[in-house]
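See below for the structure under consideration.
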Amino acid sequence: MTHSFPASVLRPAELTPFSRGGGARTIPLVTSARGAEVFLNGQTLFEGGAGIPLHTHNCPESVVILEGDAVVEIDGVEHHLTRFDTTYVDAGVPHRFRNASGTAPMRILWTYASVEATRTIVSTGLTTRVDAEHSR
């Protein structure tokens with residue numbers, strides 16, 4: 001399948017972030033709307049102390065800490081991360097990120113191994129497409 005999407009240079013500072021609630025905002029970067037057919041990526045910014053709920057995905061995910069200090073819980077085990085530390089979480093493995101600082105911001109770069117990536121919140125069982133979070 002061939003599309004005629006032009007090559008892009010994406011500047012997060014010039015893009016509108018979408019609120020994820022709880023002090024987290026997401027900036028979508030490479031998405032199907034930009035022509036991606038294989039993966040999605042973007043950034044999420046966490047205010048001091050902010051975090052996201054425990055969840056799983058239907059595909060692998062990798063996250064790089066770009067700024068700040070993070071705590072990631074992967075399958076019940078917490079790990080402290082700092083700038084450029086990188087995670088890999090396979091499909092179906094419960095995980096969550098939170099800002100380890102009470103005041104300083106944290107920024108992550110996430111990549112999903114599918115443009116059809118979904119997120120299922122463990123506590124509610126609610127499943128949504130990751131790219132649907134960018135259209136609120």
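The selection criterion, being closer than 15 Å to R107 by Cβ, crowded, with 17+ Cβ neighbours inside 10 Å and of a type in the set (A, V, I, L, M, F, W, C), holds for L45. Filter region 80-126 down to the residues that are of a type in the set (S, T, Y) and over 15 Å from the mean Cα position of the chain (by Cα), then identify the one that is farthest from S19 (Cα to Cα). Within region 80-126, the match that is farthest from S19 (Cα to Cα) is T82. Of the strands (runs of 3 or more DSSP E) lying entirely inside region 1-88, the ones with 1 or more residues being more than 27 Å from S101 (Cα to Cα) are found at 40-46.
Only residues that are surrounded by 15 or more Cβ atoms within 10 Å (Cβ to Cβ) and among the polar types (S, T, N, Q) were counted in region 61-91, giving 2.
No lab work stands behind these numbers, since they all come straight from the coordinates. Computed from a predicted structure; not experimentally measured. Heads up, the Cβs are rebuilt from the backbone with ideal geometry, glycines too, and the neighbour counts pull from every protein chain shown.
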